[in-house]
């Protein structure tokens, strides 16, 4: 499938009122400092409604104005998003604004969704998914209009400034502003307490950054993006075999498949690393509206040729125990003026779980983020994607898995970015194929 897409306008959307001088420098927290500086994407697809049928061009122009005006308003609450990356420790909240591109796409959105081409989804994003050096805008947005009146909103945000929970809170607050849902706006707006909870420290050597410990497992070269959908019955079957939470069970199952795919290539151990949100691990829990990154990595290893390690129930236990280690005491150690000492202790504990050489698979989850509740006033999205294919994988990265809810909240979309040498074997695993639909249409798949 080909796509004709043309950028027809670009402008910077600035906050509707200036950021006070005392907020012009947004300091990173200790937990922000240890996050790699790259863009994370999210793409929302909205079908046309009856109001767009008579004059799609004029109707979409009006909706674009609503998007821009509401964005300007909500940026006063999410003011770091209107700035640029300053240095390794801050955002320059200069009110330069969010680059906002408007694109025109020839054709019907429904035609694209009938057979979604993952290689083309990146065309709905305002920039390539690259690193975010100093001087880079924190947030970028693109609104793409189809001839039929359908719209796609693509967003990329710098991960060093905000994680997925904050990005989703922003999208919900922006949508609520556009729709005039004032109460909901207040529920989504952020607090900025991360820096006081986890004071930044300029004495952390780069080799002590959390993600620096995974450099030996980075891969370069060709990779393949796969999208698999598990419906609720498939997940229930897997949970019956090895009880655990939905994410734990799915992590163990995909990890097991990855080990099987790697077995033909080498006999290395397998390393599972999973992003864990610290907001819910703290005692008492932090508000989900805390702006920034509240992230740590759970790790577990398995011997690749050990039959016991390959057992699904055993892998679920490994995943569960790796996450359970990150408890209230673990979080508390990193707080306050002595947080760096606690951080180093936590890092040493995590390092002890990592083998010297392994096939590594990295997991993240956006499940229960309620992305399908995002409504700008013209209905909820028909599809949300937060992983995109790239033209090349020359930039070092881990083999990666991203979980996302299906529209009904009961199934799960699983995006797997995997080295090309393992991709064919992964796709042919019979147990995997018995549970999945491979890149189904969001229009036709039964969970809709």
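The values are calculated or read from the model by the stated rules, or taken from the named source; none is laboratory data. Quantities reported herein were computed from a predicted structural model and do not represent experimental measurements. Virtual Cβ from ideal backbone geometry, glycine too; neighbours counted across all protein chains shown.
Some notes on this structure:
- In the set 30, 73, 21, only one residue is modelled with pLDDT of 95 or more, more than 26 Å from the chain's Cα centre (by Cα) and surrounded by fewer than 23 Cβ atoms within 10 Å (Cβ to Cβ); that residue is 21.
- Sole exception among (1) crowded, with 23+ Cβ neighbours inside 10 Å; (2) over 30 Å from residue 160 (Cβ atoms) for residue 238, by number: (1)
- Residues located in region 238-249, provided they are touching a residue at least 60 places away in the same chain (Cβ under 8 Å) and either not assigned by TED's automatic domain parsing to the domain that holds residue 301 or not in a loop (DSSP other than H, G, I, E, B) (or both): 238, 241, 246, 247, 248, 249
- Yes/no for residue 107 being crowded, with 24+ Cβ neighbours inside 10 Å and modelled with pLDDT under 95: no
- Flag if residue 39 is closer than 26 Å to residue 102 by Cα, outside the structural domain of residue 296 (by TED's automatic domain parsing) and either in a loop (DSSP other than H, G, I, E, B) or in contact (Cβ under 8 Å) with a residue 40 or more places away in the chain (or both): yes
- Hits in region 124-148 - residues which are surrounded by fewer than 16 Cβ atoms within 10 Å (Cβ to Cβ) and either not assigned by TED's automatic domain parsing to the domain that holds residue 71 or not in a loop (DSSP other than H, G, I, E, B) (or both): 131
- Exclusive hit being touching a residue at least 24 places away in the same chain (Cβ under 8 Å), under 15 Å from residue 322 (Cβ atoms) and surrounded by fewer than 23 Cβ atoms within 10 Å (Cβ to Cβ), set 264, 275: 275
- Any hit, region 70-80, residues being over 29 Å from residue 365 (Cβ atoms) and part of a helix (DSSP H, G or I): yes
- Screening residue 187 on (1) modelled with pLDDT of 90 or more; (2) over 30 Å from residue 340 (Cβ atoms) shows it passes everything except condition (1).
- Condition met for residue 293 (in contact (Cβ under 8 Å) with a residue 12 or more places away in the chain, surrounded by 14 or more Cβ atoms within 10 Å (Cβ to Cβ), within 24 Å of the chain's Cα centre (by Cα) and part of a loop (DSSP other than H, G, I, E, B)): yes
- In region 196-213, the residue that is modelled with the highest pLDDT out of those that are surrounded by fewer than 18 Cβ atoms within 10 Å (Cβ to Cβ) and in a helix (DSSP H, G or I) is 196.
- If you go through region 250-289 and keep only what is part of a strand (DSSP E or B) and touching a strand residue (DSSP E or B) at 6+ places or on another chain (Cβ under 6 Å), you end up with 270, 271, 272, 273, 274, 275, 276.
- Listed conditions (1) in contact with a strand residue (DSSP E or B) (Cβ under 6 Å, 6 or more places away or on another chain); (2) at pLDDT 95 or above; (3) buried (at least 21 other Cβ atoms within 10 Å of the Cβ) are all met by residue 223, apart from (2).
- Condition met for residue 7 (outside any helix (DSSP H, G or I), touching a strand residue (DSSP E or B) at 6+ places or on another chain (Cβ under 9 Å) and surrounded by fewer than 20 Cβ atoms within 10 Å (Cβ to Cβ)): yes
- Extreme residue, farthest from the chain's Cα centre (by Cα), among residues of region 153-169 that are within 16 Å of residue 71 (Cα to Cα) and in a strand (DSSP E or B): 153
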